[in-house]
Amino acid sequence: MQCPRCHNQDAQMFYQIDGQYYCRQCIPFHRVFVNEERQTESKEFLFHKPISYALNFQLSPSQQKISLRLLENYQNNLNSLVLAVCGSGKTEVVFELICYALNQGHRVCYCVPRKELVIELYQRLKEAFCNVTIGLLYGGHIENADSNFIVCTMHQLYRFENQIGFQLMIADEVDAFPYYGNDVLNEMFNRCCVGRYVKLSATIPLLKDNQDEVLIMNRRYHGHDLPVPKLLIIPTIFQGIVCKWLISHLQKKVIIYVSSIACVHKMVTYLASSFKVAGVSSQHMNNQETIQRFKDNQLDVIVSTTLLERGITIEDVQVIVYQGEKSIFDERTLTQIAGRVGRKPNHPSGKVYILASGRTKGIQQCIQNIKKLNSIDA
Ligand SMILES: [Zn+2]
């Protein structure tokens, strides 16, 4: 016996109800019966008026190139993978394709791993595509789920598994938790897709052993290089002092990334006598308020866990990674952290320091990859 969704074959993980077996392994995503017949129906929706979208800026040449290629691939029945460095504006490169698919009467789904991201994405899509109803789904929220254009978290995909499928599926941040390495989410994604997909990733790991065409967007939309992290090998006991020195020396807003919530508390206490500092983690209250104070220049330093690794844009910010030798700072996380710097056109560069007691594989690969991406001529 095998689960059609998570491919689990462990007999102990199957339970019986009314003579039918279902899988317990992927039960958090709704019950799946072993012998179920899945609908793979696809239906074309027709609009009274053509769908259009508007952007309040022009795509950069490398964005335009990728945008066109995605459209060609879709028309030729091919999947695409986009490797887009942080801050290169990868969301906008799929707009043309979305617009095309919707006008063909295709059903479209754009999914991302986490709830905070889905809300932000929804806002952006709603602003651009103003003449179509967009469905929005995440934990605890369902809005227009029958729309032909859906934005949702990957966890919500189970709701669509036995429905009319999507001819176009777009998955963003496929290199991030919880999607990366999660077979159930992967399979749910495949089960919802009755046409072609586009997967977007900011780091390289996912791209190993894949069959789809990889499109590389190595330039940020402002055309500048990604900052290459500077590794400072320093024994752990001296890293605190070096942090203080760097903050005073940089004379700019700094985010310090640490490995644990306990470490956030310690570092905030340590720095509080010299700087205006606050902590951010899943246990801290008012994270949004803290980030806003930081943006408004009321704070010099934010000490954060990897919670702030993605999706946050703060102008003219510098970054320090404390105890970079810890295993939580792997290649993907460090690449994302480095990507926080220099995102805005008026401050396109900045410093990224990694303080570590030694050079780990993650640090080495992160630095190598960023150098490689900067050297590709797009
Ligand atoms: Zn299962």
Please work out which one of (1) touching a helix residue (DSSP H, G or I) at 6+ places or on another chain (Cβ under 6 Å); (2) among the β-branched types (Val, Ile, Thr); (3) within 20 Å of ARG343 (Cα to Cα) is the condition THR313 fails and give its number. (1)
Out of all the residues in the stretch 133-154, is one or more within 20 Å of ASN73 (Cα to Cα), more than 16 Å from the ligand (Cβ to nearest atom) and surrounded by fewer than 23 Cβ atoms within 10 Å (Cβ to Cβ)? no
Just a yes or no: is a residue in the stretch 262-283 in contact (Cβ under 8 Å) with a residue 60 or more places away in the chain, outside the structural domain of LYS90 (by TED's automatic domain parsing) and in contact with a Phe, Trp or Tyr (Cβ under 8 Å, 6 or more places away or on another chain)? yes
Listed by first then second residue, the pairs whose first member lies in the stretch 9-33 and is acidic (Asp, Glu), whose partner is near the ligand (Cβ under 10 Å from one of its atoms) and modelled with pLDDT under 90, with beta carbons under 8 Å and at least 6 positions apart or on separate chains, are ASP10/GLN25
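The values are calculated or read from the model by the stated rules, or taken from the named source; none is laboratory data. A quick note: this is a predicted structure, and the numbers were derived from the prediction, not measured. Here Cβ is always computed from backbone atoms with ideal geometry, including for glycine, and neighbour counts include all displayed protein chains.
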